[in-house]
1. Around Arg193, which amide H atoms from residues at least 5 apart in sequence, or from another chain, sit under 5 Å from its own amide H, with H modelled in the peptide plane?
2. Short version: ³J(HN,Hα) in whole Hz for each residue of region 358-364, in order, from phi by Karplus 6.51 cos²θ - 1.76 cosθ + 1.60 (θ = phi - 60°), x for Gly and Pro, what are they?
3. To the nearest 0.05, what FRET efficiency results for Arg177 and Ala319 with a Förster distance of 51 Å applied to their C-beta separation?
4. So how far, in whole Å, is the C-alpha centre of region 100-156 from the one of region 343-375?
5. What are the residues whose amide H is under 5 Å from the amide H of Gln137, where those residues sit 5 or more places off or on another chain and H is modelled from the backbone?
6. When the Karplus curve 6.51 cos²θ - 1.76 cosθ + 1.60 is applied with θ = phi - 60°, which whole-Hz ³J(HN,Hα) does each residue of region 140-150 get, with x for Gly and Pro?
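Nothing in this text is a laboratory measurement; each read-out follows from the coordinates by a stated rule. Remember, it's a predicted structure, so these values are computed and weren't measured experimentally. Virtual Cβ from ideal backbone geometry, glycine too; neighbours counted across all protein chains shown.
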Amino acid sequence: MSRILIALCLLGFVSSAADAQPSPFQRETRSTAGWVFTPGASIGGLWDSGIQTDTDSSVEALFQKGVVTANPYAELDFNGRRTHFNLGYSGSFEKYWTSNATWVQRSRAGVSQALSPRFDISGDMAYTSVPTTDRLQLVNGVVPYVPVDSRWVDAGGGFTFRAGPRTSINGVYRFQRVIFDDASETQGFGQLRDGSTHSQSLGFMREFSTRLSIGATAEHRLDNVGELDQQFEIMTLTGQFSLRLDSSSSISGGGGASNLENVTAGFSSTAPTFHGGYTRSLRTLRLNAFYSHGFEQLFGFGTLVGSDTFSGSAFVPLADRLYYLDASMAYTRSDPSRGVGFGFDYTTMWSNVTVGRQLTPYLRGEGFVSFAHQSSNGPDSTNHTRVGIQIVTSKPMRIQ
């Protein structure tokens, strides 16, 4: 009963799924030793409002599209004594009654390797291709919600070196790129421009007890928008902590300052940055909440904004684990940074919530709803809603 109450509370502010559907990949990290191959598929139907703006007439605003979906996907995992590897792909075919078919693609790969008892390395990448920008579902960074084919690439790597019994040093590099197809045809926004981000950071954490760790991180970030037409360089220094509340939950946070330089225009600005998070993870119950404040890229326009970002996710079993709630959301409030460039005040939100029932060990039925909203002091406000049902099947297979 307590978990049902938790789920009902979360429904008010947490809701996710890739493409308004549950994640195509397995919810739990595979712990089985050796190779595990997990094929799967889903088939269903939904209604899609399309991206609606404030200027739509009442007839246009009521126009909705019926969609038939088919989503084959597969995942490959390897767990070894020192090596962990994951590879996944999801291709969702969507046939709209009133328009052409679309093909939504999402893929990811990741590997981690323990080179020695004190030194680990890891790398990962993800690729997303969607027919509207809101379905990129970015948590950090803002993209205007428009019906333009969009692609997102996120890749990086890092290392962890345990310098002592209680001290660890971490280094991370990440590359992100957003690409808009036929962006010049988008009305009301001018021409949206592609953008990319390179970031590298170095930090350390020291355990002061079995529950408390404190450290610091230095980060350098270079943002390019419009084929180097606009270039921003950001240097950030933060202190941070992690506190384990009990065996299943923890909180973390930190704060510091960011120095921003507009390389193209030749001026700089300094602003505070801070973040905080909460995680609770049991065998079947998972809750996450996160908040951050700092400079983020407003992709498409070529400017930075000061952003407050709230995000959360939850997976909650219900009714003796026969039913489940799978949800996530993100909310961003952005203002153009003073002296940085042009732009718009943006309020951006997307959310998804899925309620499912386990029919057999390898078959489940799900109903889902997703909602994306964006408003600003410039272009019209936009809304996009998708509601549907589907049957999902997947079966892990051990590879000898």
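1. Gly300, Phe301
2. 6, 8, 9, x, 10, 9, 9
3. 0.75
4. Region 100-156 and region 343-375 have Cα centres spaced 18 Å from each other.
5. Counting only residues 5 or more places away or on other chains, the set is empty.
6. Per residue, the Karplus-derived 3J(HN,Hα) values read 9, x, 10, 10, x, 7, 9, x, 10, 4, 9 Hz.
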